[in-house]
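Student: Submitted below is the structure of interest, expressed as structure tokens.
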Amino acid sequence: MRIDLHTHSTASDGTDTPAELVANAAAAGLDVVALTDHDTVGGHRQAIDALPDGLTLVTGAELSCRVDGVGTHLLAYLFDPADAELERARELVRDDRVPRAREMVRKLRALDVPVTWEQVARIAGDGSVGRPHVAATLVELGVVPTVSDAFTPDWLGNGGRAYAEKHEFDPFEAVRLVKAAGGVAVLAHPGAVKRGAVVPESTIAALAEAGLDGVEVDHMDHDEPTRARLRGLARELGLLTTGSSDYHGTRKTVELGAFTTDPEIYGEITRRATGAFPVPGAGGPGHR
């Protein structure tokens, strides 16, 4: 089985619609794909309705968090999407996205970058506006060659010249909310140092004590030494290890299924979840 547990659609900052994403996942030879848009479950219904034969969908979200001044992301899988407390918390984060993006535009203009809010809004379309949309404007203007190159201290990286703060989850509270909603919590790309500062291992250990289920190890932003270090840390802490593409369509160069999760780990994730079930396409493999 080929399992990719971290992807994005136009419901947040990907370029594939949810329907296109599941079709492309099937075409890429995946058996299981997770839709984990930023702080929203808005793409789930369309993805489920378009789910092709042989592909199973894991519903989820990537929650924006910050601890001790360091931004981090939490992948939440198979939680109850109707859980009121978790939905209210996600809404607070989403409501702050537009003011934050406008502030980044203001800072970029102060750096003599001729970006406009209208350009960012056009690129975001119906999605939940975020840093990748601002980054895409820098690519469009020829300021940087790729979206990834915009996530540096020179531009939009954490603490960068055009970075702007936003309301974010405390990761300990996020873990509590996800678990209370029957979900499974995995720390996303915890060693992605080229994006900026990362949470220390002591914080990951504290999150494990608070109920964190796993860490994303195999990811495009982790080199081999980082992956080895994270695997060792996960063993010490009793955490699951996942692998995922973090696919954003044409917004990033990584392809669906570039990194995958071991089927046994996936099975454990589905066993732990009580808030929702994986959704098999007609004729797809049963996983529950």
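Student: For A84 and D154 in the same chain, what is the full-extension length gain: residue separation times 0.36 nm, less their Cα-Cα distance, in nm?
Tutor: 21.3 nm
Student: Moving on to the next point. For the chain, what is the calculated [θ] at 222 nm in deg cm²/dmol (nearest 500), taking -39500 (n - 2.57) for each run of four or more DSSP H residues and dividing by its residue count?
Tutor: Result for the chain: -11000 deg cm²/dmol, rounded to the nearest 500.
Student: Let me ask something additional. Gap in Å between the Cα centre of segment 164-226 and the Cα centre of segment 27-71?
Tutor: Each part's Cα centre sits 17 Å from the other's.
Student: Kindly express, to the nearest 10 degrees and within the range 0 to 90, the angle between helix 171-180's C-alpha long axis and the longest C-alpha principal axis of the chain.
Tutor: In the chain, helix 171-180 runs at an angle near 40 degrees to the longest axis.
Student: Right, another one. Work the Kirkwood hydrodynamic radius out for segment 155-288: mean of 1/r over every pair of different alpha-carbon atoms, inverted, in Å.
Tutor: 16.4 Å
Student: Calculate the tail of P(r) for segment 185-228: the fraction of all Cα-Cα distances greater than 12 Å, expressed in %.
Tutor: Result for the distance tail: 60 percent.
Student: How long is the gain from A110 to E91 if the chain were fully straight, where each residue apart is worth 0.36 nm and the alpha carbon distance is subtracted?
Tutor: 3.8 nm
Student: Let me ask something additional. Count of lysine pairs in the chain with Cα atoms under 23 Å apart, counting only pairs 8 or more residues apart in sequence or on different chains?
Tutor: The result is 4.
Student: Under 19 Å from the 7 Å Cα→Cβ point of A121, by amide nitrogen: which residues of segment 63-103?
Tutor: Label zone hits: 94-103.
Student: Moving on to the next point. Can you list the equivalent-ellipsoid semi-axes of the chain, largest first and in whole Å, using the square root of 5 times each Cα gyration tensor eigenvalue?
Tutor: Ellipsoid semi-axes (Å, largest first): 28, 22, 18.
Student: While we're looking at this one, here's another question. Taking 0.36 nm per residue of separation and subtracting the Cα-Cα distance, what length does fully extending R102 through V70 add?
Tutor: 9.4 nm
No lab work stands behind these numbers, since they all come straight from the coordinates. All figures in this text were calculated on a predicted structure; none of them were measured in a lab. FYI the Cβ positions are ideal-geometry reconstructions off the backbone, even for glycines, and counts take in every protein chain you see.
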